[in-house]
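The values are calculated or read from the model by the stated rules, or taken from the named source; none is laboratory data. All values derive from a computational prediction rather than experimental measurement. So basically every Cβ, Gly included, is an ideal-geometry build from the backbone, and we count neighbours across all protein chains shown. When the accessible area is computed, the model is the full protein with side chains, heavy atoms only, and any ligands, DNA or RNA have been set aside. Shrake-Rupley method; radii C 1.70, N 1.55, O 1.52, S 1.80 Å.
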Amino acid sequence: MEDPTASRCLDRASVHVHRHEGAEALAWLDRARELGGETGREQLLRGLALSHGQQPEEALQAFRRSTMLDPSAPRGFYNYGCLLARLGQTEQAKEAVDQALALRPDYPAAKKLRTDLDSHAFEAVFDLEEPHTLGWIAEAKESWTWIGWAAVALAAGTWIARFLAPVATHTPSPRSDAFALGTDPLSVALVFLSIVSVVSSFVWVGFDLIDRRGRAIWMVPMVVFTFWGGLIALPHALYMIVGRK
């Protein structure tokens, strides 16, 4: 089992790999190896970091070592195949990708690369692990992303409802203040939902930024849009599409 401190070092290295910050990633990987020894994940991340740093031979060795240390992980074989394909070693790349597919037959990236290798027209794209620093988000996997989109939908739906409600009830449009409290039950309910949606979006994006060690600048448009018409769904959706990459 991985040393918990070593695991945290690997999480930090993963974030730097995503940002193509090879030197920083390698520093954390060296620290992780000191604390927990060589692991399949450590070698996989090392291969990715070295690939970004234009050190293909060292990256190949790391990927190969990753598949030996963790032969049940399809991502290791796939990324090994990607680098082999980039280096023009097509037959060896096919073998590595076939290994990935044997372990995970429904692996979309591996299926595409395997088909492309046969046609000799391919784009070998590395498969990076999701960078997590909060264990409970890592365990939630795709459910966490769906919760984020649910918060976007709640915010958008509430905003639309607040501007359609006056039309349906033949009452004046609400003030531009997103939290203007009306007197009828419908207005009170919509303001309550507006507050819930804003809190949900801020909490979700805040935790996601912490988990991915993202840039806090993404919170600025959320604050601005919250108090400018209450359309927090827009910056939240933009973060989901662009900010998480």
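Kindly provide the set of residues from segment 67-100 that are under 26 Å from G37 (Cβ atoms) and more than 26 Å from the chain's Cα centre (by Cα), ordered by number. Listed by number, the list holds a single entry, M68. Among what's in segment 183-208 and is more than 25 Å from the chain's Cα centre (by Cα) and of a type in the set (V, I, T), pick the residue that is most open to solvent (accessible area, probe 1.4 Å). Checking each candidate, the answer is T183.
Residue-wise test of (1) without any contact (Cβ under 8 Å) to a residue 40 or more places away in the chain; (2) in contact with a strand residue (DSSP E or B) (Cβ under 7 Å, 6 or more places away or on another chain); (3) surrounded by 17 or more Cβ atoms within 10 Å (Cβ to Cβ); (4) of a type in the set (V, I, T).
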site: E34; (1), (2), (3), (4): yes, no, no, no
site: E38; (1), (2), (3), (4): yes, no, no, no
site: S51; (1), (2), (3), (4): no, no, yes, no
site: L60; (1), (2), (3), (4): yes, no, yes, no
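Checked against the criterion of being closer than 29 Å to W136 by Cα and at pLDDT below 85, segment 176-191 has no qualifying residue.
When the residues of segment 1-27 are filtered to those that are under 20 Å from P56 (Cβ atoms) and among the small types (G, A, S), the one that is most open to solvent (accessible area, probe 1.4 Å) is A23. When restricted to residues that are polar (S, T, N, Q) and at pLDDT 55 or above, segment 149-175 contains 1.
The C-beta contact set for segment 90-105 (first residue under 11 Å from G76 (Cα atoms), second residue in a helix (DSSP H, G or I) and of a type in the set (F, W, Y), distance under 6 angstrom, 6+ apart or interchain) comprises A96/F77; A96/Y80; Q99/F77; A100/F77; A100/Y78.
Mind listing whichever residues of segment 225-239 are at pLDDT below 90 and either open to solvent by 10 Å² or more (accessible area, probe 1.4 Å) or over 20 Å from A156 (Cβ atoms) (or both)? Within segment 225-239, F225, F227, W228, G229, G230, L231 qualify. A single entry from D70, D30, D106 fulfils the requirement of being surrounded by fewer than 17 Cβ atoms within 10 Å (Cβ to Cβ) and farther than 23 Å from R212 by Cα: D106. Any chance segment 54-72 includes a residue that's of a type outside the set (S, T, N, Q), at pLDDT below 90 and not in a helix (DSSP H, G or I)? No. When T90 is tested against (1) open to solvent by less than 60 Å² (accessible area, probe 1.4 Å); (2) under 27 Å from H16 (Cα atoms); (3) modelled with pLDDT under 90, only condition (2) is not met.
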